[in-house]
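All remarks here apply to the structure that follows.
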Amino acid sequence: MEELVDIITKSKYLLALTGSGISAESGIPTFRGKDGLWKEYRPEELATLQAFKKNPTLVWEWYDWRRSLIARASPNDAHKVLAWLEERDVLKMLITQNVDGLHRRAGNKKIIELHGNIWRMKCMSCNNEVENYETPLKEIPPKCNVCHSMLRPSVVWFGESLDPFLLNQSILHSSRCDVMMVIGTSAVIQPAASLPIMAKNNRAVLIEINPSETPISPIADYSLRLKASVAMKSLVGLSSEI
Ligand code: OAD
């Protein structure tokens, strides 16, 4: 731990990559694992464009449930420590696969939301994009205020491409960083899972924080088998300089 504090303190370009595990202690279920969403629900029925076209009401009801859950949740200590690191200009960028918006609520501003954001919706027809924080939604499916077509959640579904600009930015940051913290991701969904590999290929120090082993573990320089909030709080607690 003390060694890690030193590495983080002396880093020139600290980058973090987060996944659903960082929000687990805020009460938001992860996707994989014992209590993961994909144990109870089938991704192909809820998280694909085909599923949405077939049954938009069902998909929106699922998103409405998740939005309500997230609205009741608060950022946990792991989110807060990342915000604290950004405030002190130690953390240069945060790449997240999460759509819950908790990093922003914790105070981070330099964020790349690779998989979109559950609080944004976009029109299936005219591409108009809006922010909407209503929970529960009054109208399901919600309608576009410009052309009255159906809105969809502004998130990336299975089979869809990531925003090329955001992906490019993520690749640039991953190639540039000298330390990358990989927190709470199973690292199985591409292309996000390749970012730590890119960082490592460019000689960055990889620090993984995850109670379980992942495909990143064998190349990680440090693996903290701890919950995100415990690990992040210990790192900050040990530091007088960050
Ligand atoms: P996963 O559900 O695949 O993985 C969550 C990871 O968090 C696992 O490796 C857990 O061991 C770890 N974990 C659980 N509790 C934790 C805690 N308290 N602290 C730290 N780690 C903890 O979630 P992601 O890797 O984010 O994509 O999944 C990637 C993508 O797959 C998601 O963005 C989503 C999903 O399908 C889309 O919806 C496009």
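Quick look at the numbers
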read-out: Residues with amide H under 5 Å from that of Met93, placed H, sequence gap 5 or more; value: Ala16
read-out: Share, in percent, of DSSP beta bridges within the range 23-181 that are antiparallel, nearest 5; value: 65
read-out: Note, ³J(HN,Hα) from phi for the range 169-181, Karplus 6.51, -1.76, 1.60, rounded to Hz, x at Gly and Pro; value: 4, 5, 5, 4, 5, 5, 7, 9, 5, 9, 9, 10, 9
read-out: Farthest positive-ward along the range 2-139 dipole, Cα basis, beta-carbon charges - from Ile7, Ser23, Asn117; value: Asn117
read-out: Ellipticity estimate at 222 nm from DSSP helix runs (n ≥ 4, -39,500 (n - 2.57)) divided over the chain, nearest 500; value: -10000 deg cm²/dmol
read-out: Residues whose placed amide H lies under 5 Å from that of Ser223, excluding near-sequence neighbours; value: Glu208
read-out: For the range 128-178, accessible area per residue (1.4 Å probe, heavy atoms of protein chains only), Å²; value: 59
read-out: Charged-residue dipole, Cβ positions (Lys, Arg, Asp, Glu), the chain about Cα centre, Debye nearest 20; value: 340
read-out: Solvent-accessible surface ranking, highest first, for Arg225, Arg120, Arg104, Arg66 at 1.4 angstrom; value: Arg104, Arg225, Arg120, Arg66
read-out: Spatial separation of Cα centroids for the range 171-216 and the range 1-68, in angstrom; value: 16
read-out: Selection from Asn168, Ser154, His79, by position along the positive dipole direction of the chain (Cβ); value: Ser154
read-out: Between helix 77-87 and the chain: long-axis angle, C-alpha atoms, 0 to 90°, nearest 10; value: 70
read-out: Relative contact order for the range 1-109, counting Cα pairs under 8 Å that sit 6 or more residues apart, in percent; value: 37
read-out: The range 131-206: GluC sites (Glu not before Pro) falling in loop per DSSP and having at most 15 other Cβ within 10 Å; value: Glu134, Glu139, Glu160
read-out: Relative contact order of the chain, pairs being alpha-carbon contacts under 8 Å that are 6 or more residues apart, as %; value: 25
read-out: Separation in nanometres of the label points that stand 7 Å from Cα toward Cβ, at Ser149 and Arg42; value: 2.8
read-out: Nearest 10 degrees, 0 to 90: helix 56-72 Cα axis against the chain principal axis; value: 40
read-out: Set of aspartates and glutamates near Lys110 by C-alpha distance (under 20 Å), chain-local residues within fewer than 8 positions excluded; value: Asp77, Glu86, Glu87, Asp89, Asp100, Glu131, Asp163, Asp178
read-out: GNM flexibility winner over the chain from Trp84, Trp62, Trp119 (Cα, springs under 10 Å); value: Trp62
read-out: Selection from Val90, Asn132, Pro196 lying farthest towards where the dipole of the chain points positive, charges on Cβ; value: Asn132
read-out: From phi via Karplus (6.51, -1.76, 1.60), per-residue ³J(HN,Hα) for the range 211-220 in Hz, x at Gly/Pro; value: x, 10, 6, 9, x, 7, 3, x, 9, 6
read-out: Amide H partners (placed H, <5 Å) of Ile216, local residues excluded; value: none
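The values are calculated or read from the model by the stated rules, or taken from the named source; none is laboratory data. Note that this is a predicted model, so its numbers are computed, not measured. Cβ sites come from the backbone with ideal geometry, for glycine too, and all protein chains shown count toward neighbours. All accessible areas refer to the heavy atoms of the entire protein, side chains included, with ligands and DNA or RNA removed. Shrake-Rupley method; radii C 1.70, N 1.55, O 1.52, S 1.80 Å.
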